[in-house]
Amino acid sequence: MHVAHLSLADFRCYARVEVPLEPGVTAFTGPNGQGKTNLVEAVGYLATLGSHRVAGDAPLVRQGAQRAVVRGLVVRDERQTLIELELNPGRANRARINRSDNVRPRDVLGLLRTVLFAPEDLALVKGDPGERRRFLDELLTLRAPRLAGVRQDYERVLKQRNALLKSAAMARRSSRGMDLSTLDVWDDHLARAGAELLAQRLDLVAALQPLVAGAYEELAPSGGGTVLEYRSSMGEGVPLSGGREALYAALLAALGAARRQELERGLTLVGPHRDELGLRLGDLPAKGYASHGECWSYALALRLASYDLLRMDEFGGPEGPSNKGGGGLGGAPGRRLGEGGPVLILDDVFAELDARRRERLAERVATGEQVLVTAAVPEDVPEALKGARYSVLDGEVTRV
Ligand SMILES: Nc1ncnc2c1ncn2[C@@H]1O[C@H](COP(=O)(O)OP(=O)(O)O)[C@@H](O)[C@H]1O
Ligand SMILES: [Mg+2]
């Protein structure tokens, strides 16, 4: 798939901008602070309904404006879909699909798939566990939009269960009694939704494992191997195999075991919201041990693996793009090389890479249907990623 046209109104530094786009590689270059990342951030927003830089929508609306509009014309297998999103900070956002406004913003998920790598992704390796959980959950939702509903259910149950535990903890401190019979019901809801989310995450980690290792190996051949380790808040002794029902039973048991502590702290201590995706490099955890360059390659490998996985979803089976470089799309029925797959966005990556790694990365992604890159220095964009060039200067986007 690719974005054929991007149109922004009052988004970030842009009062209005129209950017026609083509399949293949497009590079946005220009000095820092001119609006390059803002453009690709908007493309990512169309796919994920969120920014890779900020949690809320308010910073995305141009200073002084009330709302922002992001429009993208998405082409997939020659079918066009116009996605329009209106960002209203503090109020509900609105969406239109092919000019119909009888849709929720959530319905937009799945129409455009993007994988975005940006310097902020260092936090995937160096940041809190929440960063890595979000990485997994966002990828899950990209692959299967219905999982957005599962995530929302889980969050809702968690919030209500936490509220109940909090009042129980307060009642306890003031030596009041409290009826806790509803807690069992919330345990059951939490274990149900939690087991579903956990099962999905475990499958995802298993699928990512070889792809991350392959991508890292290409970027940093001399480094130790990468290992992804899903660590459950249920504790090390609890097996994470056996499927959904087994996980449900395990979560229920773990909630039972943690109840006293939870009542003391007024907080849900067990469940996917407390799990961790451990990233190891060789025998050591990457976080706290790996060098800056290694962390950077690791973060990039996580994104490239996501990209591989989404391409494999589309092309299917072992005939899909290999993780051995080149990213060839052979074997896809009825498709030519360079068709299909998500839009890959590489924001400011080349400056951090030496010439050899740049070339390797370029070779690997050059066959994508659409690759959007940004760079402050045009010379940093490798030869293999020759394509359309735009200069971005003071909020003006000009074809060069
Ligand atoms: N909501 C906003 N309103 C107006 N300007 C903004 C807004 N958010 C960011 N900017 C401006 O956008 C510029 C940064 O754009 P960005 O795309 O990150 O630059 P770069 O070209 O370095 O990638 C900054 O000058 C910043 O002040
Ligand atoms: Mg930038």
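The values are calculated or read from the model by the stated rules, or taken from the named source; none is laboratory data. On a predicted model such as this, the values are computed, not experimentally measured, just so you know. Positions of Cβ are generated from backbone atoms using ideal geometry, with glycine treated the same way; all protein chains shown enter the neighbour counts. Accessible surface is based on the protein model in full, side chains and every heavy atom, while ligands, DNA and RNA are left aside. Shrake-Rupley method; radii C 1.70, N 1.55, O 1.52, S 1.80 Å.
Odds and ends about this structure:
- Filter result (more than 7 Å from ligand 1 (Cβ to nearest atom), over 23 Å from Val108 (Cα atoms) and touching a Phe, Trp or Tyr at 6+ places or on another chain (Cβ under 8 Å)) within region 21-75: Thr26, Ala27, Phe28, Thr29
- Just one of (1) among the small types (Gly, Ala, Ser); (2) within 16 Å of ligand 2 (Cβ to nearest atom); (3) in contact (Cβ under 8 Å) with a residue 12 or more places away in the chain fails for Ala95. It is (2).
- Residue match in region 358-372 (condition: at positive phi, surrounded by fewer than 21 Cβ atoms within 10 Å (Cβ to Cβ), modelled with pLDDT under 90 and not in a helix (DSSP H, G or I)): no
- Selection count where residues are open to solvent by 10 Å² or more (accessible area, probe 1.4 Å), out of contact with any Lys or Arg (no Cβ under 8 Å at 6 or more places or on another chain), assigned to a strand (DSSP E or B) and touching a residue at least 60 places away in the same chain (Cβ under 8 Å), scope region 15-43: 2
- Scanning region 162-203 for residues that are under 27 Å from Asp137 (Cα atoms) and among the polar types (S, T, N, Q) yields Asn162, Gln200.
- Condition check for Thr48: modelled with pLDDT under 95, more than 16 Å from ligand 2 (Cβ to nearest atom) and among the β-branched types (Val, Ile, Thr): yes
- Which numbered condition Leu190 misses (of (1) open to solvent by 40 Å² or more (accessible area, probe 1.4 Å); (2) in contact with a Gly (Cβ under 7 Å, 6 or more places away or on another chain)): (1)
- Any hit, region 145-156, residues being part of a loop (DSSP other than H, G, I, E, B), closer than 20 Å to Gly50 by Cα, in contact (Cβ under 8 Å) with a residue 12 or more places away in the chain and under 26 Å from the mean Cα position of the chain (by Cα): yes
- One residue from Ala169, Ala163, Ala123 being within 25 Å of Leu183 (Cα to Cα), surrounded by fewer than 19 Cβ atoms within 10 Å (Cβ to Cβ) and in contact with a helix residue (DSSP H, G or I) (Cβ under 8 Å, 6 or more places away or on another chain): Ala169
- Number of the exception - Pro221 against (1) surrounded by 14 or more Cβ atoms within 10 Å (Cβ to Cβ); (2) at pLDDT below 95: (1)
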